[in-house]
Structure formats: structure tokens, C-alpha cells
1. Return the residues of region 1-11 that are within 19 Å of Ile50 (Cβ to Cβ) and among the aliphatic types (A, V, I, L, M); say none if nothing qualifies.
2. Working only within region 21-35, note down all residues that are in contact with a helix residue (DSSP H, G or I) (Cβ under 7 Å, 6 or more places away or on another chain) and within 18 Å of Ala49 (Cβ to Cβ).
3. Just the residues that are at pLDDT below 85 and in contact with a strand residue (DSSP E or B) (Cβ under 7 Å, 6 or more places away or on another chain), please, taken from region 17-36.
4. List every residue pair whose Cβ atoms lie under 9 Å apart, where the two residues are 6 or more positions apart in sequence or sit on different chains, the first residue falls within region 37-64 and is modelled with pLDDT under 90 and among the aliphatic types (A, V, I, L, M), and the second residue, located anywhere, is exposed (fewer than 10 other Cβ atoms within 10 Å of the Cβ) and assigned to a helix (DSSP H, G or I).
5. What number of residues within region 14-36 are without any contact (Cβ under 8 Å) to a residue 24 or more places away in the chain and part of a helix (DSSP H, G or I)?
Amino acid sequence: MKKQSGVIIGFLLVLVIVLFAVLNNKNVPVSFGVASFSAPLILVIIGSAIIGALIVFVTASTTLWQQKKQIKQLTQELAEAQKDVEAKVNEAKEEQQREFRNERAELEAAYQAELQATKEQLQQLQTPKENNTPSPKQSYNYFD
């Protein structure tokens, strides 16, 4: 839709210029300070429009070229920044994982030590009970 409206506006501008040219077909003097000549008004108008369009094209392409160069530079900076951020995130992640593994190892060692101490206490408690239990009485066989 946007392209269609641009084409329609372009046709309308061409129509206005053609009507203006048909209505103003007389010769007019054109002076450049040192030199002067006479030409039909439509040629002066179209020549001026073409020169203006060329000036706009040159300035627009220069601006566009500068913008493309800036976009390329900013894209490279963004890629470098993303790599830096990713490296820092990975480094922080590895640090967290190391801390987690260390903490887990400490907790596991503490658990094993406590478990061993509990086993030793249980063994100490069970050993005296076995010694305190009365040994079964010997039965004597009197009939022998």
C-alpha cells in the first residue's frame, strides 16, 4: 500500500510538471553570471529538477553509506560485548558450581564423620549389653 501511494504521488507530480511545461513553453533567459543563454522554460525547470535530484541522491547516499558503516561498527561492538557477557556468565556459573561442589563435599564429610561417630556410639552401647547378659547356666547331667 505504501509503494502504491508513492507511485500515485509520483504520477501526480509528473502530471503537474507536464501541464506546467505545456502552459509555459516560452523561451527565458538563463544567466550564470559570466555566461547567459535562452532556453524554453520547461527545459530550465526539468534541468533544475534533475540537478536537485542528483544533489539529493549524492547527499542521501553519503548519509546512507555513513549509517551502514556505523551499523557495521555497532554490530561488531555488540558481538564483542555479548561474548564478554557470555564469558563472564560462564565464569560466574563455574564459580557457583565450584562453591556448590565444595559445600557439598564439606557437608558430606561432616555427615560421614557424624555417621561414623554414631556407629561407634552404637557399637559401644551394644558391646556392654552383650557382656552384661548372663551366660546360660550349665546344665549338669546327673544321670551319667
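1. Result: Ile9, single match.
2. Those that are in contact with a helix residue (DSSP H, G or I) (Cβ under 7 Å, 6 or more places away or on another chain) and within 18 Å of Ala49 (Cβ to Cβ): Ala21, Asn24, Asn25, Val28, Val30.
3. Result: Asn25, single match.
4. What qualifies is Ile42/Val22.
5. 7
Condition check ((1) modelled with pLDDT of 95 or more; (2) among the charged types (D, E, K, R); (3) in contact with a Pro (Cβ under 7 Å, 6 or more places away or on another chain)) across all residues:
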site	(1), (2), (3)
Lys88	yes, yes, no
Gln97	yes, no, no
Phe100	yes, no, no
Arg104	yes, yes, no
Thr127	no, no, no
Asn131	no, no, no
Ser139	no, no, no
Asp144	no, yes, no
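The values are calculated or read from the model by the stated rules, or taken from the named source; none is laboratory data. Computed from a predicted model, the values in this text were never measured in an experiment. Note that each Cβ is placed from the backbone with ideal geometry, even for glycine, and that neighbours are counted across all protein chains shown.
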